[in-house]
Amino acid sequence: MKEIRFRDIGNCELKPMACYIKKFTPSFYMGMHNHSYFEMMYSAKGNFNVEIMRSAEPEKIETITVHQGELIFLDAYLFHRLQIEEEEVVIYNVELIPQADEKEEAFDINTLFAVSYAALIERTNLKKLAFSPDGYTVIPNLSKIDSSLRDLIYAMMNTNMHLEDVCILRAHILLLFMEISKSLAAYEQYGAHYIKKIQLYIKHHLNQKISLDDIAKEVGYHKSYVAAQFKSHTGKTIMQTVNELRISKSLRMLRDTGLPVAEIAKQVGFPSYAQMVHEFNKTVGMSPNACRKVFQNDELDYDNPQYSSIAIRISEEDYLLDDTSFTHAFYKKNLNSKSKTLINY
């Protein structure tokens with residue numbers, strides 16, 4: 001059987017082999033192995049190591065650390081094994097095998113949805129995967145790799161496949177590779193993979209005290225450089241981002257729960273109730289209690305003269321995190337209209 005690596009894919013299609021979303025601990029052990037399919041592992045939480053072996057000599061083993069928010073693409077026939085050293089790591093994994101198009105496909109899918117990966121490799125940044133001299137590529141998630149990979153895994157887990165499901169599955173595979181290509185392009189343009197890491201750190205520590213010193217330590221750069229680069233890349237300071245996300249989460253809780261405002265302030269990470277009120281007045285233009293009344297009016301009577309929307313959408317490119325409530329975060333100001341124009345806040 002011919003060994004097909006990613007650069008040799010030609011007119012082959014990619015057939016799903018296996019997938020998982022799984023938590024790992026240091027007790028996990030994997031032996032060194034290789035296989036005929038392509039493998040992708042994304043770190044959704046924590047860091048993990050991948051050992052690469054190019055010969056039987058122990059000193060020839062290379063260790064690559066994949067940080068949270070990064071994906072590693074492993075080409076076919078590369079000897080490797082996964083190592084876990086942190087207390088808990090969450091990994092998304094997908095394995096795809098090249099399959100010649102002359103083989104029989106379910107529902108004759110190639111007549112409906114043929115994909116030329118050879119052309120994509122030639123015309124997009126996928127060439128960086130195909131022609132990596134190391135046989136692997138680590139890609140920082142600067143687009144939507146996380147959500148695309150997760151959606152693909154869910155599609156692969158569907159056991160009741162109709163024609164529509166087969167088309168959706170193939171579309172998810174293509175979408176994942178396009179998000180990988182976009183991330184590679186963004187990394188080449190900005191080299192700022194740590195911006196995503198900062199955003200993930202903010203998300204995972206939103207209900208805790210967040211300091212510039214802690215963020216700088218997390219990404220491994222001086223805090224002045226981190227602050228300047230984040231502002232340059234996103235147009236906002238780190239603390240603006242933190243406060244806007246806390247306001248966004250607070251608005252959801254004001255609408256969906258009956259918790260006292262002081263308790264909401266504590267749960268979303270505001271250092272005090274007074275700080276929450278200050279940030280709300282500055283950003284939303286009203287107090288948290290006033291926001292709650294607006295939500296109540298919205299639910300009870302759209303024609304009430306007191307009805308007004310306080311929701312506008314945050315720019316998608318600001319918060320491309322791996323959580324729907326953050327990807328589709330909303331915040332902000334009073335709109336002078338009684339019409340029902342709210343967008344799923």
Quiz item: From the cross-link list Lys15/Lys249; Lys23/Lys209; Lys182/Lys209, which pairs have alpha carbons spaced over 29 Å apart?
Solution: Lys15/Lys249; Lys182/Lys209
Self-check item: Heavy-atom accessible surface of the stretch 109-235: percent carbon and sulfur, 1.4 Å
Solution: 52
Self-check item: the stretch 69-173: trypsin sites (Lys or Arg not before Pro) in DSSP coil with no more than 13 other Cβ atoms inside 10 Å
Solution: Lys103
Quiz prompt | Of every Cα-Cα pair in the stretch 13-127, the percent that sits beyond 17 Å | solution = 63
Quiz item: Ignoring ligands and nucleic acids, what accessible area does Phe79 show with a 1.4 Å probe (Å², nearest 10)?
Solution: 80
Practice problem: Would you mind listing how long the stretch 145-292 runs along its three principal axes, going by Cα atoms, in whole Å with the largest first? | Solution: 55, 41, 24
Exercise. State the Kirkwood hydrodynamic radius of the stretch 8-53 in Å, one decimal place, computed from all pairs of distinct Cα atoms.
Key: 13.7
Quiz item: In Å², what does the accessible area per residue of the stretch 11-138 work out to with a 1.4 Å probe?
Solution: 49
Quiz item: So which GluC sites (Glu not before Pro) in the stretch 1-58 are both in a DSSP loop and have at most 14 other Cβ atoms within 10 Å of their Cβ?
Solution: Glu3
Exercise. Kindly provide the pair-distance distribution of the stretch 50-191 built from C-alpha pairs, with 10 Å bins from 0 and whole-percent values in order of increasing distance.
Key: 10, 35, 36, 17, 3
Practice problem: Could you state how much accessible area Asp108 has, in square angstrom rounded to the nearest 10, with a 1.4 Å probe and all protein chains kept in place? | Solution: 90
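The values are calculated or read from the model by the stated rules, or taken from the named source; none is laboratory data. Here the structure is a predicted model, which means the values were calculated and not measured. We place every Cβ from the backbone using ideal geometry, glycine too, and count neighbours over all the protein chains shown. Note: areas computed on protein heavy atoms with side chains; ligands, DNA, RNA excluded. Shrake-Rupley method; radii C 1.70, N 1.55, O 1.52, S 1.80 Å.
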